[in-house]
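Since the structure comes first, as structure tokens, the remarks are kept for the end.
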Amino acid sequence: MSDLNSLTKTHHKTDGNILSNSPFMKALRREKAETTPIWLMRQAGRFMPEYREIRSKMGFLELCHNPQVCAEVTCMAVDMLNVDAAIIFSDILLPLQSLGCELEFVKGDGPVIHKPVRNVEDVANLLSFDCAESLSYVLDAIKLTRKELPAHIPLIGFAGAPFTLASYLIEGGSSRSFEKTKRFMYAEPAAWHQLMKILSKIVSEHLTNQVNAGAQAVQIFDSWVGCLSRWDYAEYVYPHLRETVANLNKIAPVIYFGTDTAHLLSIAKGADVDMIGVDWRCDLDEAWRTIGHDKAIQGNLDPVILYADKQTIRERVEQILGKAKGRPGHVFNLGHGVLPQTPVDNVKYLVELVRELSAKQ
Ligand code: CP3
């Protein structure tokens, strides 16, 4: 926040061609790029002293509602880490505020939803809202960020997937076992599908609006869907994911990400997305075979490896690039977000290393 004025100084002009020829956008089209593009989930976050400084002055939700500071944080990460793409600073849970669920981030406890969804009536009582209006602050952040970003750096918009959003709504916050979510699914299938339809509509509208505001690609975070069996995924989740993606009408490339999803990939690949993100629990080459080489893949370094020494980081990066075999359509990323205690130096080392090693492939 210290230097908000600097934001208005350098307005970069957006050039579609430069963006479209960037390594990240090429990889989404499975075209050969000079180096393997890399960006990191949670690349703007608590591991950065500059972010913690900003957060010492304002709450997380307050930050998310302030387009200028969101733009500053988004650009700061790109600047410091030299990554190939930016992701807009925002959160998947913000649309839940618009549904009237009273979202709060409690220090140490993570998100709390004060009015969780527990029965048919709760689903019926969710507020309907206009996405563009209610989430206009996210769109303003995207417009501002697009202006401030270097002209060759693509900006990723994002949303939570319907299942992952539903899990927060039903559990009332984070969960390990997702018991309430599954119980709701089995006990109230009609209400479950109704809820998933509501969320699917919000997600596709919010993503479309983000692309129209200036995002070059979008990522759908289905972080916790790996807790489901293949049968439940196929029955309760996948049709809504398909619908969400279909409603984007190919307006921009789409990335679908989940953790612990090796068993679900052969189903998820049926959704018309361009790239699938996988975590470190699976082998990248095996996952890619399952997804099919007609889709791009993103991943998949264990975030905890960034606590290790540089030699260990190097070995693991070599392993992953080895599994990708220089095949066009690989975007390097972590298998999940950067952890708060991660040394900044190791993150910078990782980015340079991926560029250096992949240039030789
Ligand atoms: O990746 C980025 O740099 C963009 C920003 C971003 C945030 N959240 C900022 C954030 C993105 C892409 C997200 C997505 C998100 N949010 C997901 C999907 C990805 C994942 O991690 O699985 C989920 C599940 C959420 C929900 C959420 N937001 C939780 C559970 C928490 C609390 C726990 C935690 O990790 O802090 C948040 C808070 C949050 N979102 C922070 C940030 C930088 C930390 C807030 C702080 O400053 O204290």
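The values are calculated or read from the model by the stated rules, or taken from the named source; none is laboratory data. Note that the coordinates shown come from a computational prediction; the quantities given were computed from them, not determined experimentally. A quick note on method: Cβ atoms are made from the backbone with ideal geometry, for glycine too, and the neighbour counts reach across all protein chains shown. All accessible areas refer to the heavy atoms of the entire protein, side chains included, with ligands and DNA or RNA removed. Shrake-Rupley method; radii C 1.70, N 1.55, O 1.52, S 1.80 Å.
Put simply, the amide H of G277, placed in the peptide plane, has neighbours under 5 Å in Y256, F257, G258, Q298, leaving out anything fewer than 5 places away on its chain.
Modelled label positions at S56 and S20, each set 7 Å beyond Cα in the direction of Cβ, lie 4.6 nm from each other. With a cut-off of 13 Å between beta carbons, the residues surrounding A33 carry a summed charge of +3, where Lys and Arg count +1 and Asp and Glu -1.
Using alpha-carbon pairs under 8 Å, 6+ residues apart, how would you state the relative contact order of the stretch 5-359 in percent?
Relative contact order, the stretch 5-359: 22 percent.
Could you give the alpha-carbon Rg of the stretch 5-359 over 2.2 N^0.38 Å, rounded to two decimals?
Ratio of Cα Rg to 2.2 N^0.38 Å: 0.94.
Pick from K115, K323, K107 the residue whose mean-square fluctuation is largest in a GNM of the chain, springs joining Cα atoms under 10 Å. Taking springs between Cα atoms under 10 Å, the residue moving most is K107.
Per-residue 3J(HN,Hα) values for the stretch 243-253, derived from phi via the Karplus relation 6.51 cos²θ - 1.76 cosθ + 1.60 with θ = phi - 60°, read 4, 4, 5, 4, 6, 7, 6, 6, 5, 6, x Hz in sequence order (x marks Gly and Pro). Counting only DSSP beta bridges with both residues in the chain, the antiparallel share comes to about 15 percent.
In sequence order, the stretch 261-272 has phi-based couplings of 10, 3, 6, 9, 4, 5, 8, 4, 4, x, 6, 7 Hz under the Karplus curve 6.51 cos²θ - 1.76 cosθ + 1.60, θ = phi - 60°, and Gly or Pro positions carry x. Loop-located trypsin sites (Lys or Arg not before Pro) across the stretch 128-221 with a Cβ neighbour count of 14 or fewer within 10 Å are R176, with loop assigned by DSSP. Within the accessible area of the chain, the carbon and sulfur atoms contribute 48%, probe 1.4 Å, all protein chains present. Largest mean-square fluctuation among I297, I255, I92, in a Gaussian network model of the chain whose springs join Cα atoms under 10 Å apart, belongs to I92. Where only DSSP H runs of four or more residues are counted, the chain gives -13000 deg cm²/dmol as its mean residue ellipticity at 222 nm, each run worth -39500 (n - 2.57).
With R₀ fixed at 25 Å, the C-beta to C-beta distance from Q319 to E31 puts the FRET efficiency at about 0.55.
3J(HN,Hα) along the stretch 295-301, derived from phi through the Karplus expression 6.51 cos²θ - 1.76 cosθ + 1.60 where θ = phi - 60°, amounts to 10, 7, 10, 10, x, 8, 6 Hz, with x in place of Gly and Pro.
By its C-alpha gyration tensor, with a ≥ b ≥ c as the square roots of the eigenvalues, how is the stretch 228-361 shaped: rounded for a/c under 1.5, else prolate for a/b larger than b/c, else oblate? Prolate is the answer for the stretch 228-361, as a/c is 1.5 or above and a/b outweighs b/c. Count Lys and Arg as plus one, Asp and Glu as minus one, and take only other residues whose Cβ is under 15 Å from that of A132; the net charge is then -2.
Applying 0.36 nm per residue to the separation of K348 and A262 and subtracting their alpha-carbon distance, the gain on full extension is 28.1 nm.
Given +1 at the Cβ of Lys and Arg, -1 at the Cβ of Asp and Glu and no other charges, the dipole of the chain around its Cα centre is 620 debye to the nearest 20. If you run the Gaussian network model on the chain, springs between alpha carbon atoms under 10 Å, then out of I88, I18, I170 the most flexible one is I18. Applying 1/(1 + (r/R0)^6) with r as the Cβ-Cβ distance of A359 and Y307 and R0 = 22 angstrom yields a FRET efficiency of 0.25. Between E179 and Y137, the modelled labels are 3.5 nm apart [label points 7 Å from Cα along Cα→Cβ]. Accessible surface for the chain, divided over its residues, is 42 Å² per residue with a 1.4 Å probe. With a sphere of radius 9 Å drawn around the Cβ of L61, what net charge do the other residues whose Cβ falls strictly inside it have (Lys, Arg +1; Asp, Glu -1)? Net charge in that neighbourhood comes out at -3.
Under 5 Å from the amide H of G160 lie the amide H atoms of F221, each residue being 5 or more positions distant or on a separate chain, with H modelled from the backbone and absent for Pro and chain starts.
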